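Quick notes on the structure that follows.
We did not get these values from a lab; they are worked out from the coordinates using the rules stated. In this text, all values refer to a predicted model and were calculated from it rather than measured experimentally. Cβ placement follows ideal geometry from the backbone for every residue including glycine, while neighbour counts extend to all protein chains displayed.
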Amino acid sequence: MQRVLQFSMVLTLAYVGATFYFGLRAHSLALISEAGHNVSDLLAIVLSFVAVYFQSRPATEQKTFGYQRAGVLAAFVNASTLVVLSVWIAIEAVERLSAPVAVQPKLMMVVALAGVVMNGTIATLLWRFSGDVNIRSTFLHMLGDTLSTAAVIVGGAAILFTGLTWIDPALSILIAGMILWSSVGIVRETLNILLEGTPRNLQLGEVREAMAAVNGVLNVHDLHVWSLGSKSHALASHVTIAEMPMSECGSILTDINCALRERFHITHTTIQFETTGCETTHGCAAPPELETVGAHDHHHGHSHSH
């Protein structure tokens, strides 16, 4: 993955320089906006590269979950910069519509064609790693660039045959809309993770039902599910069971964790067994009697009870 990102950085840097230089020569706002878009892409790739490095670092006593959210934070920054960039492009395009500037469509088309090839190559390389929200944010950057540079080619051809210079800023508005649409989704997803919301692909009710269906479970409450990174989830819950020796409740814990792992891919759980109900105040559960058994399962080759 890191080699793919390094290769992408070199290609993107070269293309940024080319699009900006030839955009000025061709007086094309569409090309200049592409250069700006690709600067943000370069930043996205650099951030993704740094995040991948941090994500691979082990957990420490200070960072007990490691750096799993480094990629999420990078994706949030990437997407936020794209939102700002899309607004800037749209403002510039509206000004161009009121005061059209003559452009060189042939030069636009040649540079844009090179951009389609470059961005398409990078997007294809990143696609197989797009399960990670960090890489997916960069993949969407490059996919959006591929489509927008293809639109520049079409626009250049239209200007060449019709002489209508307003097509160039109109294309810029279209590009800005595409950037904004792809970015807002990532901002929402990453904010949900950073604010420890329930993962978007999980329904809390379904998780509760799956746990309650395990033989021996009487009640499931104070249930929390959140994301550690883009692909790893954690769960904490109180589970009421009948009064029994600790040695006998181990099978219930095993069955709960199996259900969570197989149905929802949740592998980091903290489950507290109780033999009586508990009162929950402001999200903090306080059992009325000290008849609880805590159980924690990490699914990294070991589990333990306390």
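Ordering 60, 81 from the fewest to the most neighbouring beta carbons within 10 Å gives 60, 81. Normalising by residue count, the stretch 71-111 has a Cα convex hull of 72 Å³ per residue. Here Kirkwood radius over Cα pairs in Å was computed from the coordinates, and among (1) 19.7; (2) 19.1; (3) 22.2 the match is (3).
Exposure proxy ranking for 270, 19, based on other Cβ atoms within 10 angstrom of each Cβ and starting from the fewest, stands as 270, 19. Mean residue ellipticity at 222 nm from the helices of the chain, using -39,500 (n - 2.57) per DSSP H segment of n ≥ 4 over the full residue count, to the nearest 500 deg cm²/dmol? The helix-only estimate for the chain comes to -22000 deg cm²/dmol at 222 nm. Positive end of the charge dipole of the chain (Lys, Arg +1 and Asp, Glu -1 on Cβ, about the Cα centre): tell me which of 184, 260, 11 has its Cα farthest that way. About the Cα centre, the residue reaching furthest to the positive side is 11.
For the pair the stretch 134-204 / the stretch 89-108, the C-alpha centres are spaced 19 Å from each other. Considering only 108, 137, 246, and ranking their Cα positions along the charge dipole of the chain that arises from unit charges at the beta-carbon of Lys, Arg, Asp and Glu, the one farthest toward the positive end is 108. Dipole check for the stretch 2-194: with +1 at the C-beta of Lys and Arg, -1 at the C-beta of Asp and Glu, and the Cα centre as origin, the magnitude is about 340 Debye. Remark: 84, 187, 225 ranked as 84, 187, 225, counting other beta-carbon atoms within 10 Å and listing the fewest first. By the equivalent-ellipsoid construction on the alpha carbon gyration tensor, the stretch 143-182 comes out with semi-axes of 20, 11, 4 Å, ordered largest to smallest.
Taking the Cα centre of the stretch 101-243 as reference, the dipole from Cβ charges on Lys and Arg (+1) and Asp and Glu (-1) amounts to some 500 debye.
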